[in-house]
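Read through the structure below, which is laid out as structure tokens, and then see the notes.
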Amino acid sequence: MQIQIFQDKESLHRAVAQMFIDAVKAKPNIVLGLATGSSPLETYENMIKDHQEKGTDYSGVVTFNLDEYIGLEGTHSQSYRYFMNTSLFNGLNIPLDQTNVPSGIGDVNEICKAYEEKITSVGGIDLQLLGIGTNGHIGFNEPGTSFDTRTHVTALTQETIEGNARFFESEDSVPKKAVTMGIQTIMDAKKIALIAYGSKKAAAIRDMVNGPITEMMPASILQNHSDTTLFLDEEAAALLK
Ligand code: F6R
């Protein structure tokens, strides 16, 4: 794992955005894996700014998001499809039919299978963006998830439900299940960039980087990935040896 530590969030987001912009310029039909949540938001803002000011072309890019809540339509303001449209896709020239977010509505087992097949059919993910949960989850792969998993349905832990409750009217209205790429799906990405900032992430970063590789700390499997870069601020990196 390569580790880059930044003094402030702004330079961290600029660096991640630049990695994605350079990758898109180098391979106009690149397949990107994308994340939701607070971690990538300003990275996406930087990518939109670059597209508007410098014209980086996304017309050939294909994207796959990590996950989606089960039971939320893509038009729901807390669905990950809605988040991606409003936080990134609408600000770029990417055709929406080249953007993939697993649907949380319908025959979810069939949706999972079709999602994996679609990723394979475009040659796999070239560059995957990740955040990390305070419990070490990546995507919605919570502690205890098998490292062999592919896209599947999962129940969210109480910790994740509480963490996400701030985006909903109440904790009760947070969906309890999600569709998520599996750990093996993520590990198959050719290159991975993980963003973490703030002291709340410090213990997870320590355990991911220095701890044993264990299914109880899903992100620890990234120690075995050949091309992963962590983009951290000093607070998230504070407990690293
Ligand atoms: C989001 C995702 C999650 C988040 C993680 C961190 O698509 O899969 O694993 O990356 O929960 O969330 P934030 O960035 O909100 O701290």
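What follows is calculated from the coordinates using simple rules that are stated; it is not laboratory data. Predicted model, so just to flag it, every value in this text is computed and none were measured. Because the Cβ atoms are built from the backbone with ideal geometry, glycine has one as well, and the counts that use them run over all protein chains shown.
Structure notes:
- Residues considered: V174, V61, V122. Largest GNM mean-square fluctuation over the chain, using C-alpha springs under 10 Å, is found at V122.
- What the phi angles of region 184-200 give under the Karplus curve with 6.51, -1.76 and 1.60, with θ = phi - 60°, is a coupling list of 5, 4, 5, 5, 6, 4, 5, 9, 10, 10, 10, 9, 8, 9, x, 5, 5 Hz, glycine and proline written as x.
- Taking A219, A155, A26 in turn, the Gaussian network model of the chain (Cα-Cα springs below 10 Å) assigns the largest fluctuation to A26.
- Relative packing of peptides 137-143, 159-165, 195-201, 73-79 - highest average C-beta neighbours within 10 Å first: 137-143, 195-201, 159-165, 73-79
- For region 45-101, the orientation-averaged shadow of the C-alpha convex hull comes to 3.9 nm² (one quarter of the hull surface).
- Relative compactness, region 71-134, computed as alpha-carbon Rg over 2.2 N^0.38 Å: 1.21
- Proximal lysines relative to K49, as straight alpha-carbon distance under 22 Å, when same-chain residues fewer than 8 apart are discounted: K9, K25, K27
- Cα gyration tensor shape of region 114-219, rounded if a/c is under 1.5, else prolate or oblate by comparing a/b with b/c: oblate
- Approximating the spin labels as points 7 Å out from Cα along Cα→Cβ, the E117-to-E73 distance works out to 2.7 nm.
- Taking the inverse of the mean reciprocal distance over all distinct Cα pairs, the Kirkwood hydrodynamic radius of region 12-110 comes to 13.9 Å.
- Among beta bridges that DSSP assigns inside the chain, antiparallel share in %, nearest 5: 25 percent
- In this rough spin-label picture, where each label sits 7 Å from Cα along the Cβ direction, the T134-N90 distance is 3.1 nm.
- Near-label residues of region 98-139 by backbone N, under 19 Å of a point 7 Å along Cα→Cβ of E159: 130-139
- Globularity index of the chain, i.e. its alpha-carbon radius of gyration over 2.2 N^0.38 Å: 0.94
- Calculated mean residue ellipticity at 222 nm for the chain: -9500 deg cm²/dmol, from DSSP H runs with n ≥ 4 weighted as -39500 (n - 2.57), summed, divided by the residue count and rounded to 500.
- Region 14-69: translational diffusion in µm²/s, Stokes-Einstein, Kirkwood Rh over Cα pairs, 37 °C, 0.692 mPa s: 280 µm²/s
- For region 97-196, the share of DSSP beta bridges that are antiparallel, to the nearest 5, is 55%.
- Gaussian network model of the chain, springs between alpha carbon atoms under 10 Å - residue of L156, L129, L34 with greatest fluctuation: L156
- Euclidean distance of C-alpha centroids, region 153-210 and region 1-48, integer Å: 18 Å
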